[in-house]
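Worksheet: one structure, shown below.
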Amino acid sequence: MKILITGGAGFIGSAVVRRAVADGHEVVNLDALTYSANLENVASVAGQPGYAFEQADICDQVRVRGIFAKHRPDAVMHLAAESHNDRAIEGPLDFVRTNVVGTAVLLEAAREHWAGLPEPQKAAFRFHHVSTDEVFGALGDEGDFTEETPYDPNSPYSASKAGADHLVRAWGRTYGLPVVITNCANNYGPFQFPEKLIPTVITRALEGKTIPVYGDGRQVRDWLHVDDHADALLLVLAKGRLGETYCIGGDSSKRNIEVIRMLCEHLDRLAPANTHHAEKITFVTDRPGHDFRYSIDDSKLRAELGWQAKMPLEAGLEDTVRWYVENRGWVERIRERGFHSERLGLVKAS
């Protein structure tokens, strides 16, 4: 199968690219190479037969249509997105542009391509849109998100992803485009850009800096290792029912402060400092509109496709810390490009 993967130089996208190539698929990696993208993430497969890279903005209709015409993919996995909540607070229109307008451009290019395919290629074509559990809003002290949870986004980022989800469904129902959607838990693992929680903790600790914790750190997230997520995404692409949504969880719900302390324990073993790393924890002003708890019920995915997460959280966090310890040059090169873990998203809610 030839798969067009958007955002394939990003964190999750690159994991999907690496797994798809390992599984024998041809891959066309479409990425704009914005600040968080990194071709080092796919360097291990860049020379493989059947791999191609196209630098393009998904909002560029002419370029996107040209890429479809040139490569004629059998399927699309759409992961390209602006994804950092703090950045969305400061620059929401960038998120609307990429996540909403870009998705619409990609859908229309995919529809034109699909409509012109001969049978049986047309019947086999798939458009897989990769989304987030944040579109569902926040949970209280109990319960889980399911595929039937109403949408209730609370941030510019989650609202833009919700808009993209609705567009994908609309293209499926109005035009018959064969679509499937997944909504995932918080991802972690190697190659994650150091602005998200887990790599922020690790990289700042390795640099001897304070470890910021938003609010009281009691927010709850379900954690999913990126390699488990990549497996699930390719499985849904191949076997998911068209028009359906599948929630993908890690079965690893923890409070942020618990995860941070676990990371500090691993850092104490793998990168010991003069003091325990947990002594660097500093509680800072919370993010406006910060959702309290996310938790996913992925029983539909388990029952229909037989998938389940393989990586336990404790082992996954240790593996992630070890990767960052052993790949400090990867982070240093990001720092050289101008990223220094500066705090974003402190615009006061009115």
Over region 122-171, the set of residues under 21 Å from L234 (Cβ atoms), in contact with a strand residue (DSSP E or B) (Cβ under 6 Å, 6 or more places away or on another chain) and part of a helix (DSSP H, G or I) is D133, K161, D165, V168
Look at A309 and say whether it is in contact with a helix residue (DSSP H, G or I) (Cβ under 7 Å, 6 or more places away or on another chain) and surrounded by fewer than 18 Cβ atoms within 10 Å (Cβ to Cβ). no
Collect the residues in region 109-132 that are surrounded by 22 or more Cβ atoms within 10 Å (Cβ to Cβ), aliphatic (A, V, I, L, M) and farther than 19 Å from N186 by Cβ, keeping them in residue-number order. A109, A110
Among the residues of region 265-278, is there at least one that is surrounded by fewer than 21 Cβ atoms within 10 Å (Cβ to Cβ), in contact with a Ser or Thr (Cβ under 8 Å, 6 or more places away or on another chain) and either modelled with pLDDT of 95 or more or under 24 Å from D152 (Cβ atoms) (or both)? no
Test of understanding: among P150, P190, which residue is surrounded by fewer than 24 Cβ atoms within 10 Å (Cβ to Cβ) and under 17 Å from I248 (Cα atoms)? P150
Only one of V179, V135 is within 23 Å of R287 (Cβ to Cβ) and crowded, with 23+ Cβ neighbours inside 10 Å, namely V135
Is region 331-338 home to any residue that is farther than 18 Å from H84 by Cβ and not acidic (D, E)? yes
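The values are calculated or read from the model by the stated rules, or taken from the named source; none is laboratory data. Since the model is a prediction, treat every value here as computed from it, not as a measurement. As a convention, Cβ positions derive from the backbone with ideal geometry for all residues, glycine included, and neighbour counts pool all protein chains shown.
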